[in-house]
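Note sheet for the following structure.
The values are calculated or read from the model by the stated rules, or taken from the named source; none is laboratory data. Model, not experiment: these values are computed from the prediction. Cβ coordinates were reconstructed from backbone atoms using ideal geometry, including for glycine residues, and neighbour counts include every protein chain displayed.
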Amino acid sequence: MKTRRQIIKIDENKCDGCGLCVTGCHEGALQVIDGKARLISDLLCDGLGACIGECPRGAIKIEERQAEPYDEEKVMDGMVKLGANTIKAHLKHLKDHGQKKFLKQAFDYLEKHKLPNPMEDEMKKEHKHGEPCGCPGGRTMDLREPCGCDDGGDAPAAKSQLRQWPVQLHLASPMAPYFEKADVVVAADCTAFAYGNFHNDFIKGKAIVIACPKLDDGQELYVEKLQGLIEDAKVNTLTVVTMEVPCCGGLLAMVKQAAAASKRKVPVKHVVIGIQGGIKSEEWA
């Protein structure tokens, strides 16, 4: 039965058939056919868009439409034929995008078929020590500890208070160590640009996720991830920071929905930022 969900769409006019997206898709959902990249099965596309960053022509985007539900078991049927390294890349893809349900299904598949789990030792180590630093993008990075990475840039005029990467809610994983029992800020995208001292006043000593309740797709996934922060990461508090414009109210609504659906309860504070940069209101929701 088809359901409305996020899935990729390929613009054939832009696609030149280079095939880079095929290697970027861990699930095997893409093939180059007749000189164009094709989505060969809705069942294999998880809608997370790893292939988008591989496309040099900007021919791939994520849309929301009726599609067959993603099937992790069918994906794993294909993965096991390609060997341990491919299985590990797929599992890491799911983990980095916070797809706990699909990751568990993949682990269960390996256990059911008596196959080794190439991520087992690594996940145990990361759970204890946190992840190493590495390439930016969607990879989870804990910035609370020095990592020895050097981006080659000049020293910032003001010290960043950011404790983690990534920050966009679609990319954030509730399983990341920096969310565990943390005070978490859930901020609308525009707030950091409107409020001049955002780092020191809002995210110092806290973890953060950002989202746009008006323009972002897949908001049901946002609610699921927020619920994961409450129940699995056992966050201490949630501070929702929005702009005074009406569309921003959707972010608070998503947090309230996640909080109401969670067995575990946490305090939720709502801060409203004015367009000219001042705090308009601040109260516990």
* Structure fact -> (1) modelled with pLDDT under 90; (2) at positive phi all hold for G35 apart from (1)
* Asked: Here are some residues: V272, V240. Which one is in the same structural domain as D183 (by TED's automatic domain parsing) and either in contact with a Ser or Thr (Cβ under 9 Å, 6 or more places away or on another chain) or outside any strand (DSSP E or B) (or both)?
  -> V272
* Just wondering, is there one or more residues in the stretch 58-72 that are assigned to a loop (DSSP other than H, G, I, E, B), of a type in the set (D, E) and more than 19 Å from the chain's Cα centre (by Cα)? -> yes
* **Yes/no for I52 being among the hydrophobic types (A, V, I, L, M, F, W, C), surrounded by fewer than 16 Cβ atoms within 10 Å (Cβ to Cβ) and modelled with pLDDT of 85 or more** => yes
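Among the residues of the stretch 25-36, is there at least one that is within 25 Å of L110 (Cα to Cα), under 21 Å from the mean Cα position of the chain (by Cα) and aliphatic (A, V, I, L, M)?
Within the stretch 25-36, the subset within 25 Å of L110 (Cα to Cα) is 25-30.
Still in the running and under 21 Å from the mean Cα position of the chain (by Cα): 25-29.
Next cut, aliphatic (A, V, I, L, M) only: 29.
Yes, the stretch 25-36 contains a residue that is within 25 Å of L110 (Cα to Cα), under 21 Å from the mean Cα position of the chain (by Cα) and aliphatic (A, V, I, L, M).
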* Out of K256, K280, report the one residue that is more than 18 Å from A172 (Cβ to Cβ), in the same structural domain as S173 (by TED's automatic domain parsing), touching a residue at least 24 places away in the same chain (Cβ under 8 Å) and part of a helix (DSSP H, G or I). => K256
* Asked: Looking at this structure, is E12 at pLDDT below 90 and in a loop (DSSP other than H, G, I, E, B)?
  -> no
* Structure fact -> Filtering the stretch 1-49 for residues that are in contact (Cβ under 8 Å) with a residue 40 or more places away in the chain, surrounded by fewer than 18 Cβ atoms within 10 Å (Cβ to Cβ) and in contact with a Pro (Cβ under 9 Å, 6 or more places away or on another chain) leaves a count of 4
* Where residues in the stretch 246-275 are crowded, with 18+ Cβ neighbours inside 10 Å, among the β-branched types (V, I, T) and within 19 Å of D201 (Cβ to Cβ), which of them is nearest to the chain's Cα centre (by Cα)? -> V268
* So how many residues does the stretch 170-190 have that are under 22 Å from G250 (Cβ atoms), surrounded by fewer than 22 Cβ atoms within 10 Å (Cβ to Cβ) and over 14 Å from the mean Cα position of the chain (by Cα)? -> 2
* Structure fact -> If we ask which residues in the stretch 191-204 are surrounded by fewer than 16 Cβ atoms within 10 Å (Cβ to Cβ) and touching a Lys or Arg at 6+ places or on another chain (Cβ under 8 Å), their number turns out to be 0
* Does K225 count as touching a helix residue (DSSP H, G or I) at 6+ places or on another chain (Cβ under 9 Å), assigned to a helix (DSSP H, G or I) and closer than 30 Å to I8 by Cα? -> yes
